[in-house]
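The values are calculated or read from the model by the stated rules, or taken from the named source; none is laboratory data. Bear in mind the structure is a predicted one, so any value in this text is a computation, not a measurement. Using ideal geometry, Cβ is built from the backbone for each residue, glycine included, and neighbour counts are taken over all protein chains shown. Please note that ligands, DNA and RNA were not included when accessible areas were found on the heavy atoms of the full protein model with its side chains. Shrake-Rupley method; radii C 1.70, N 1.55, O 1.52, S 1.80 Å.
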Amino acid sequence: MSGLNKGVGKIEVTLRWDPARAGAPAHDLDLVAGVFTADDPYGTPDYLVHFGSRSPDGTITLHRDSRTGQGFGYDEAMTLELERLAPRYTRVVVGVAIQQGGGRLTFADITNAAVRVREGYTDLLAHDFTEFAEARSATVVEFTREGTDGWSYRSLRQGFDADPREFAALLGAARA
């Protein structure tokens with residue numbers, strides 16, 4: 001009875017980091033979600049959700065956006081209501097990109113950066129970006145829908161030497 005598996009539903013992805021030292025340009029990290037259709041699950045996202053945007057149907061929203069990392073704990077938050085996504089969407093990839101406006105920054109330049117993926121009060125995964133020290137962006141998690149079994153997730157940790165614009169094009173690429 002595969003139809004009884006609900007999978008994951010309403011997810012919150014949160015991001016934290018420490019502000020830049022005094023006198024240095026602000027560090028601005030951004031959560032980015034790419035939504036893919038069954039026809040092109042590893043190609044171009046049907047749409048992206050990032051700062052200043054949300055999904056056309058309101059199922060994915062970035063409801064906290066920090067440009068400096070100043071705050072308490074997790075400063076940036078995105079909610080994904082996967083169970084409400086239209087059936088034509090079968091894959092969602094979430095990543096983090098570092099804005100490059102103040103000069104070239106990598107995760108090694110950002111202190112205490114970490115991401116957490118939760119459903120309700122349950123942490124599904126959490127990690128820092130130490131394994132991507134030289135990267136300017138990284139994927140974090142992938143959600144996939146298989147038929148009626150609901151949505152599943154897996155950690156999708158891969159760093160890229162790509163700015164936010166370049167990263168958007170790489171977000172959904174198949175991984176080895």
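Are any residues in segment 127-176 among the aliphatic types (A, V, I, L, M) and in contact (Cβ under 8 Å) with a residue 60 or more places away in the chain, and if so, which ones?
Answer for segment 127-176, where residues must be among the aliphatic types (A, V, I, L, M) and in contact (Cβ under 8 Å) with a residue 60 or more places away in the chain: Val140, Val141, Leu156, Ala162, Ala168, Ala169, Leu171, Ala173, Ala174.
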- Task: Quick one: count up the residues across segment 7-61 that are open to solvent by less than 50 Å² (accessible area, probe 1.4 Å) and not polar (S, T, N, Q).
- Result: 26
- Six or more apart or on different chains, Cβ under 9 Å: which pairs go from a residue in segment 93-115 that's at positive phi to one that's surrounded by fewer than 23 Cβ atoms within 10 Å (Cβ to Cβ) and modelled with pLDDT under 90? Could you list them? Gly103/Pro25; Asn112/Asp18; Asn112/Gly69
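Restricting attention to segment 90-106, which residues are open to solvent by less than 20 Å² (accessible area, probe 1.4 Å) and hydroxyl-bearing (Ser, Thr, Tyr)?
Start the filter on segment 90-106 by keeping residues that are open to solvent by less than 20 Å² (accessible area, probe 1.4 Å), which leaves 91-98, 106.
Listed by number, the list holds a single entry, Thr106.
From the residues in segment 32-88 that are of a type in the set (Phe, Trp, Tyr) and either in contact with a Ser or Thr (Cβ under 9 Å, 6 or more places away or on another chain) or at positive phi (or both), which one is modelled with the lowest pLDDT?
Going through the qualifying residues, I end up with Tyr74.
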- Note on the structure: By residue number, the members of segment 108-125 that are in a strand (DSSP E or B) and exposed (fewer than 12 other Cβ atoms within 10 Å of the Cβ) are Thr122, Asp123
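Check Thr130, Thr144, Thr139 and return the single one that is hydroxyl-bearing (Ser, Thr, Tyr), at negative phi and open to solvent by 50 Å² or more (accessible area, probe 1.4 Å).
Details: Thr144 fails: open to solvent by 50 Å² or more (accessible area, probe 1.4 Å); Thr139 fails: open to solvent by 50 Å² or more (accessible area, probe 1.4 Å).
None of the other options fit; the residue is Thr130.
Would you call Ala22 in contact (Cβ under 8 Å) with a residue 24 or more places away in the chain and over 15 Å from the mean Cα position of the chain (by Cα)? If you could, list the steps in order and put the result at the bottom.
Details: in contact (Cβ under 8 Å) with a residue 24 or more places away in the chain: no; over 15 Å from the mean Cα position of the chain (by Cα): yes.
No.
Search segment 159-176 for residues being open to solvent by less than 60 Å² (accessible area, probe 1.4 Å) and of a type in the set (A, V, I, L, M, F, W, C), and hand back the single one that is nearest to the chain's Cα centre (by Cα). Even if it seems obvious, please write down each step before you answer.
Kept after step one, since they are open to solvent by less than 60 Å² (accessible area, probe 1.4 Å), are these residues of segment 159-176: 159-160, 162-164, 167-168, 171-173, 175.
Narrowing further to those that are of a type in the set (A, V, I, L, M, F, W, C): 160, 162, 167-168, 171, 173.
Details: Phe160: 14, Ala162: 15, Phe167: 11, Ala168: 11, Leu171: 9, Ala173: 14 Å.
Step by step, filter segment 159-176, then rank; the result is Leu171.
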- Message: Every residue in segment 108-146 that is of a type in the set (Ser, Thr, Tyr) and touching a helix residue (DSSP H, G or I) at 6+ places or on another chain (Cβ under 8 Å), please.
- Response: Thr130, Ser137
- Looking at this structure, is Leu156 surrounded by fewer than 20 Cβ atoms within 10 Å (Cβ to Cβ) and either closer than 17 Å to Val8 by Cβ or touching an Asp or Glu at 6+ places or on another chain (Cβ under 8 Å) (or both)? yes
